[in-house]
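Notes follow the structure.
The values are calculated or read from the model by the stated rules, or taken from the named source; none is laboratory data. Just so it is clear, the structure is predicted and the values come from calculations on it, not from any experiment. Here Cβ is always computed from backbone atoms with ideal geometry, including for glycine, and neighbour counts include all displayed protein chains. Areas reflect the complete protein model, heavy atoms only, side chains present, ligands, DNA and RNA absent. Shrake-Rupley method; radii C 1.70, N 1.55, O 1.52, S 1.80 Å.
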Amino acid sequence: MKKGLILEGGAMRGLFTAGIIDVFMENGIEFDATIGVSAGAAFGCNYKSRQIGRVIRYNKRFARDPRFCSFRSLIKTGDLFGAEFCYHTIPDTLDLFDTQAYLDNPMDFYVVVTDVETGKAVYINSDEAGDDSLECFRASASMPLVSRPVEIKGKKYLDGGIADSVPIQYFESIGFEKNVIILTQPKGYIKKPSSAAKVMKYALKEYPNVVKTMENRHIEYNETLEYIEKREQEGAVYVIRPDTPLQIGRIEHNPENMQRIYDIGRKTAEKNLENIRNFIK
């Protein structure tokens, strides 16, 4: 029976997920494959490279660095989170990403991106992406309005959460029967229509299918949560989520608040650890 781990995005709410996966690594919790969306991909790849503490470390270190995340970066480069700094300078020189450990780990790591031409989700096994792996993570976390589409092999992509925020049905479709899902919103959360719909329609007028997907995103998301709850009641998935809303914005420059969200993730994982071990046995 194949075991999967599914990591929702949520921008800086992803630090909750980072705390959980660090506890997993410390306790030898492993899966046959992981799939990450947006921050779930950008932070979750450290689970495959087995780098405990790296996510919270570099986020706190560069929290106030304008090259990392700033409106200055958005104006100068077209990306709120500086593409060159975040996906090359940091992992290559300032806080090394262990590429060899990543490649040596037999666990598959899938990344969800949204094709800007079709508005549909695309699921990429990062092991098969080769030199494009980091660009896949960047594409998955490239939020509309504050990021440029990322081109990979002639196709352009944006944030995977646009088209499939929690890819449980995709993972089940490729044979994963036991899945642990990390959500970054509490139980009972209901997504509302985007307040930026009009701005999206103008800013993304080149990509009408993405605009259409964004307009329906809250419907798809809420239906996915209903499906997850059904599968949870059936015992087919184990869901980890925060008990209350995580008080952190999509952008965060306060290292103390970052640490607080990360610590909530750690405590939540520790509380669920024994149940997870029993679930994935």
Discussion item. Any residue that is among the aromatic types (Phe, Trp, Tyr), within 17 Å of the chain's Cα centre (by Cα), open to solvent by less than 10 Å² (accessible area, probe 1.4 Å) and under 21 Å from Thr244 (Cα atoms) - is there at least one of those in region 14-22?
Written reply: yes
Item to complete: Select from region 134-149 the residues that are open to solvent by 20 Å² or more (accessible area, probe 1.4 Å) and among the small types (Gly, Ala, Ser) and write down the one among them that is nearest to Ser165 (Cα to Cα).
Response: Ala141
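Say we look at region 35-62 and pick out the residues that are aliphatic (A, V, I, L, M) and crowded, with 20+ Cβ neighbours inside 10 Å; which of these is nearest to Glu8 (Cα to Cα)?
Residues of region 35-62 aliphatic (A, V, I, L, M): 35, 37, 39, 41-42, 52, 55-56.
Now restrict to residues that are crowded, with 20+ Cβ neighbours inside 10 Å: 35, 37, 39, 41-42, 55-56.
On the way: Ile35: 9, Val37: 5, Ala39: 8, Ala41: 8, Ala42: 11, Val55: 16, Ile56: 17 Å.
The residue in question is Val37.
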Worksheet item: Which ranges mark the helices (runs of 4 or more DSSP H) fully within region 91-186 that have 3 or more residues being more than 14 Å from the chain's Cα centre (by Cα)?
Response: 99-104, 126-129, 168-173
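Does region 64-78 hold any residues that are part of a loop (DSSP other than H, G, I, E, B) and under 15 Å from Ala39 (Cβ atoms), and which are they?
Phe68
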Worksheet item: In this structure, does Ala163 turn out to be at negative phi, out of contact with any Asp or Glu (no Cβ under 6 Å at 6 or more places or on another chain), among the small types (Gly, Ala, Ser) and crowded, with 24+ Cβ neighbours inside 10 Å?
Response: yes
Worksheet item: Any residue in region 206-223 that is at pLDDT 95 or above, outside any strand (DSSP E or B), exposed (fewer than 14 other Cβ atoms within 10 Å of the Cβ) and acidic (Asp, Glu)?
Response: yes
Practice prompt. Considering only region 241-262, state which residues are open to solvent by less than 30 Å² (accessible area, probe 1.4 Å) and in a loop (DSSP other than H, G, I, E, B).
Written response: Pro242, Leu246, Ile248
Item to complete: Check Asp79, Asp95 and return the single one that is surrounded by 16 or more Cβ atoms within 10 Å (Cβ to Cβ) and closer than 28 Å to Phe31 by Cβ.
Response: Asp95
Worksheet item: Among the candidates Asp32, Asp65, which residue alone is free of Cβ contacts under 8 Å to residues at least 40 places away in the same chain and open to solvent by 10 Å² or more (accessible area, probe 1.4 Å)?
Response: Asp65
